[in-house]
1. Suppose we filter 190, 225, 179, 235 for residues that are within 30 Å of residue 311 (Cα to Cα) and surrounded by 16 or more Cβ atoms within 10 Å (Cβ to Cβ); which single one remains?
2. Scan the stretch 219-238 for residues that are in contact with a helix residue (DSSP H, G or I) (Cβ under 8 Å, 6 or more places away or on another chain) and in a loop (DSSP other than H, G, I, E, B) and report the count.
3. Identify all residues within the stretch 36-56 that are in contact with a strand residue (DSSP E or B) (Cβ under 6 Å, 6 or more places away or on another chain) and outside any strand (DSSP E or B); write none if there are none.
4. Only one residue in 302, 264, 290 is loosely packed, with under 15 Cβ neighbours inside 10 Å, assigned to a helix (DSSP H, G or I) and not assigned by TED's automatic domain parsing to the domain that holds residue 61, so which one is that?
5. Restricting the search to the stretch 80-91, which residues are loosely packed, with under 14 Cβ neighbours inside 10 Å and in a loop (DSSP other than H, G, I, E, B)?
6. If I go through the stretch 279-312 residue by residue, how many of them are more than 36 Å from the chain's Cα centre (by Cα) and free of Cβ contacts under 8 Å to residues at least 24 places away in the same chain?
7. Report yes if residue 76 is at pLDDT below 90, in contact with a helix residue (DSSP H, G or I) (Cβ under 9 Å, 6 or more places away or on another chain) and not in a loop (DSSP other than H, G, I, E, B), otherwise no.
8. For the stretch 271-299, how many residues meet the condition of being out of contact with any helix residue (DSSP H, G or I) (no Cβ under 7 Å at 6 or more places or on another chain) and at pLDDT 80 or above?
């Protein structure tokens with residue numbers, strides 16, 4: 001005797017034999033589809049928390065929910081009541097997923113739940129522990145600060161669909177971001193959901209990329225499925241533009257106006273005006289110096305500040321040179337005019 005149920009992947013119908021005895025089923029074994037082959041696991045990513053701590057450096061803290069969904073035809077074949085959560089077998093199979101880096105799951109074995117809208121399908125929510133990543137060491141390390149405050153970084157996460165206990169390869173597991181969405185919520189697939197805030201201080205997450213990859217073992221040659229996602233974090237330069245760059249541009253512009261138009265001013269007046277502008281430029285630097293990264297090279301904001309100071313210094317130097325040339329010309333003119341008068345007086349005496 002067979003039962004016809006909806007398929008988990010393409011909406012078609014498949015036949016499942018209703019001949020299994022729940023007491024004799026080894027639920028910890030991987031569920032094999034009725035037509036054989038690999039077990040298809042759908043994954044959805046949820047970003048629960050996005051926060052950047054800037055007290056002792058710049059550390060990104062993020063918390064994720066990973067939703068895994070798959071079909072176990074043995075439930076319907078054994079007559080399990082999928083509307084009763086307590087009917088879930090205690091040792092039912094669930095995908096193995098481990099982080100190869102220092103990230104970890106928040107819980108070891110959360111319960112697997114029935115998917116009420118699709119009998120025979122199971123859902124498993126996995127939450128990660130808050131992950132702390134030093135942004136200064138991500139996305140190219142400190143070198144990315146050369147473009148400060150227009151710098152950005154990409155932080156990657158990865159987990160493998162296998163562990164030391166369950167060595168399930170791509171022959172056993174097929175992973176994809178193809179979890180079906182509820183029609184009332186719009187969209188065909190549920191691939192990624194952002195729950196937390198996207199902006200934290202002067203940092204903003206501009207994009208999330210995700211995908212499914214494969215890697216092979218160098219010892220055995222076996223191929224495993226991996227789930228990878230990345231957060232693209234970018235610094236918002238608004239503070240530095242309006243607190244640093246724009247005032248410095250205005251200071252240099254005023255200096256150029258004074259240098260080009262007030263040509264009859266005394267040298268001391270010009271120098272006093274330029275010195276006042278230089279002090280204003282230093283005051284602007286002090287307003288943003290606490291936010292500047294401590295790096296052993298010049299950033300984009302540093303180059304702007306140095307260029308403005310160099311422009312003010314060159315205008316001061318030009319004013320000094322112009323005053324010296326003008327004084328020398330006046331002295332030479334006076335000396336030459338006196339010689340002409342003496343020569344004319346000698347000629348008149350000779351006559």
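The values are calculated or read from the model by the stated rules, or taken from the named source; none is laboratory data. What you are looking at is a predicted structure, and each value in this text was computed from that prediction instead of being measured. Counting neighbours? That spans all protein chains shown, and the Cβs are built from the backbone with ideal geometry, glycine included.
1. Working: 190 fails: within 30 Å of residue 311 (Cα to Cα); 225 fails: within 30 Å of residue 311 (Cα to Cα); 179 fails: within 30 Å of residue 311 (Cα to Cα).
None of the other options fit; the residue is 235.
2. Taking the stretch 219-238 as the starting set, the residues that turn out to be in contact with a helix residue (DSSP H, G or I) (Cβ under 8 Å, 6 or more places away or on another chain) are 233.
Now narrow it down to the ones that are in a loop (DSSP other than H, G, I, E, B): none.
Count: 0.
3. 38
4. Details: 302 fails: loosely packed, with under 15 Cβ neighbours inside 10 Å; 264 fails: assigned to a helix (DSSP H, G or I).
One residue alone meets the criteria, 290.
5. Selection gives 81, 83, 84, 90, 91.
6. Kept after step one, since they are more than 36 Å from the chain's Cα centre (by Cα), are these residues of the stretch 279-312: 279, 312.
If we keep only those that are free of Cβ contacts under 8 Å to residues at least 24 places away in the same chain too, we end up with 279.
So the count comes out to 1.
7. Details: at pLDDT below 90: yes; in contact with a helix residue (DSSP H, G or I) (Cβ under 9 Å, 6 or more places away or on another chain): no; not in a loop (DSSP other than H, G, I, E, B): yes.
Spelling it out, it is not the case that residue 76 is at pLDDT below 90, in contact with a helix residue (DSSP H, G or I) (Cβ under 9 Å, 6 or more places away or on another chain) and not in a loop (DSSP other than H, G, I, E, B).
8. Qualifying residue count for the region: 8.
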